[in-house]
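Trainee: This is the structure, below, for whatever I ask next.
The values are calculated or read from the model by the stated rules, or taken from the named source; none is laboratory data. Keep in mind that this is a model prediction, so the values were computed, not measured. Positions of Cβ are generated from backbone atoms using ideal geometry, with glycine treated the same way; all protein chains shown enter the neighbour counts.
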Amino acid sequence: MGRKRRKDAPLIKNIAEHKEWQKKDRTRTSLTLLQNQEKIRQNTKFYYDPEKDKKDIEHYYKNVIGKEIKGLNLFYHYHNLVKKTHKNQLPYFICKDHYLYTWVDFQPDGTVKSIYSGEKSDPSRIIQEDFEIIQKRYEQFQALLEIVSKKDISLLKKMKSIDLRLKYNTEHIVPQSWFHAREPMKSDLHHLFVCHPECNVKRSNYPFHDFSFYQPESPKEKIRNRCGVVKDGRFEPEHGKGTVARAMMYFLLRYPNEIKKSSLKQINLSLLIHWHESFPVSIYEKHRNQSIYYIQGNRNPFIDFQELAYKIKFPFHIGSCGVKES
């Protein structure tokens, strides 16, 4: 009996979480969305206020700015800051539904873009789609529990199959499998982005890469698909390279000991820095950073200080292969 309970435990936990998430008031989420869209239509500073953000930055980094710190010491100064100030750690579905879709991932016009394709969507449609997916996942996990009780099956494979078929409109820039889907990493808004399910599936848990035969930034490049290119277990996105690079560097700074060693070795740091340099910070990212600061309490320093990427030294070995490969 004990063995059976241990086998069922992940599934039972999944069912309980989905049951709870189904109870959430979607009407309130939709109302918050409409209110935020109306506010930015009336006043663009509600979306992003550069003067206020400048003061926030000065206050947040007051114990770091101006100090002569380099290398590993610089890393730990910023690591300690973003960890200590990450005070409000919310459940994943609260972050995704109530914050990401209704405010954090807004474009200046109140729409959202899929991070890898750049395709615009109405946030209300995203919210509705995810609500329907929650219901379907709950029903299928329930059905799976009944099968498990009757005969021996590969439970984890079946659960993974449901996860793969019923994806949410959210992408973790650092794949969940790299950190065993643990909290607070899973719910950290700094690496959560709106992403169409097909792009989410295409990226899978592959590391980022830059292929010599693919130039999505060039006007001569034909759009191969809506998401990017996958080859030999690596992925190059169609859109959002600088944004994803800064999000991943934040994760490395905030959680230096949480990524599996096998996954850590696949990260190409020189590529991330190249994308960071080639695709500068946008108003959209500044809006995200300011918004997440008010929600979580911490910031992404690579958005606030772009030069930090060249000064900091990470305390572990990660990939540093060339930028362009075939």
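Trainee: Could you please tell me which pairs satisfy a Cβ distance under 9 Å, a separation of 6+ or placement on different chains, a first residue in segment 275-290 that is within 16 Å of ILE57 (Cβ to Cβ), and a second residue that is outside any helix (DSSP H, G or I) and among the hydroxyl-bearing types (Ser, Thr, Tyr)?
Mentor: Here the result reads ILE283/TYR48; LYS286/TYR48; HIS287/TYR48; GLN290/TYR48, each pair linking segment 275-290 to a residue that is outside any helix (DSSP H, G or I) and among the hydroxyl-bearing types (Ser, Thr, Tyr).
Trainee: Considering each of ASN169, ASN73, ASN80, ASN88 in turn, give the residue that is touching a residue at least 12 places away in the same chain (Cβ under 8 Å), polar (S, T, N, Q) and farther than 27 Å from LYS241 by Cβ.
Mentor: Values: ASN169 fails: farther than 27 Å from LYS241 by Cβ; ASN73 fails: touching a residue at least 12 places away in the same chain (Cβ under 8 Å); ASN80 fails: touching a residue at least 12 places away in the same chain (Cβ under 8 Å).
One residue alone meets the criteria, ASN88.
Trainee: Now a separate question. Name, by its number, the condition in (1) closer than 26 Å to PRO315 by Cβ; (2) surrounded by 13 or more Cβ atoms within 10 Å (Cβ to Cβ); (3) among the hydrophobic types (A, V, I, L, M, F, W, C) that does not hold for LEU34.
Mentor: Failing condition for LEU34: (1).
Trainee: Within segment 66-87, track down each residue that is closer than 30 Å to PHE131 by Cα and loosely packed, with under 14 Cβ neighbours inside 10 Å.
Mentor: Step one: of segment 66-87, the residues closer than 30 Å to PHE131 by Cα are 86-87.
LYS87, the sole residue that qualifies.
Trainee: Which numbered condition trips up ILE318, out of (1) at pLDDT 95 or above; (2) crowded, with 16+ Cβ neighbours inside 10 Å?
Mentor: Condition (1) is where ILE318 drops out.
One line per residue, one yes/no per condition, for (1) closer than 30 Å to ILE94 by Cβ; (2) crowded, with 18+ Cβ neighbours inside 10 Å; (3) touching a residue at least 12 places away in the same chain (Cβ under 8 Å); (4) not β-branched (Val, Ile, Thr):
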| residue | (1), (2), (3), (4) |
| --- | --- |
| MET249 | yes, yes, yes, yes |
| ILE267 | yes, yes, yes, no |
| SER270 | no, no, yes, yes |
| TYR293 | yes, yes, yes, yes |
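Trainee: I'd like to know if segment 216-231 contains one or more residues that are under 30 Å from LEU72 (Cβ atoms), in contact (Cβ under 8 Å) with a residue 60 or more places away in the chain and not small (Gly, Ala, Ser).
Mentor: Looking only at segment 216-231, we keep the residues that are under 30 Å from LEU72 (Cβ atoms), and these are none.
Scanning segment 216-231 turns up no residue that is under 30 Å from LEU72 (Cβ atoms), in contact (Cβ under 8 Å) with a residue 60 or more places away in the chain and not small (Gly, Ala, Ser).
Trainee: Within segment 59-93, track down each residue that is closer than 24 Å to GLU258 by Cα, assigned to a helix (DSSP H, G or I) and either in contact with a Lys or Arg (Cβ under 8 Å, 6 or more places away or on another chain) or among the basic types (Lys, Arg) (or both). Working first, answer last.
Mentor: Of segment 59-93, the ones closer than 24 Å to GLU258 by Cα are 70-93.
Remaining after also requiring assigned to a helix (DSSP H, G or I): 71-84, 92-93.
GLY71, LEU72, LEU74, PHE75, HIS77, HIS79, VAL82, LYS83, LYS84, TYR92, PHE93, listed by residue number.
Trainee: Let me ask you something else. Got a number for residues in segment 113-127 being without any contact (Cβ under 8 Å) to a residue 12 or more places away in the chain and either aromatic (Phe, Trp, Tyr) or part of a helix (DSSP H, G or I) (or both)? Talk me through it step by step, then tell me what you get.
Mentor: Initially, segment 113-127 is screened for residues without any contact (Cβ under 8 Å) to a residue 12 or more places away in the chain, giving 122, 125.
Remaining after also requiring either aromatic (Phe, Trp, Tyr) or part of a helix (DSSP H, G or I) (or both): 125.
The qualifying residues number 1.
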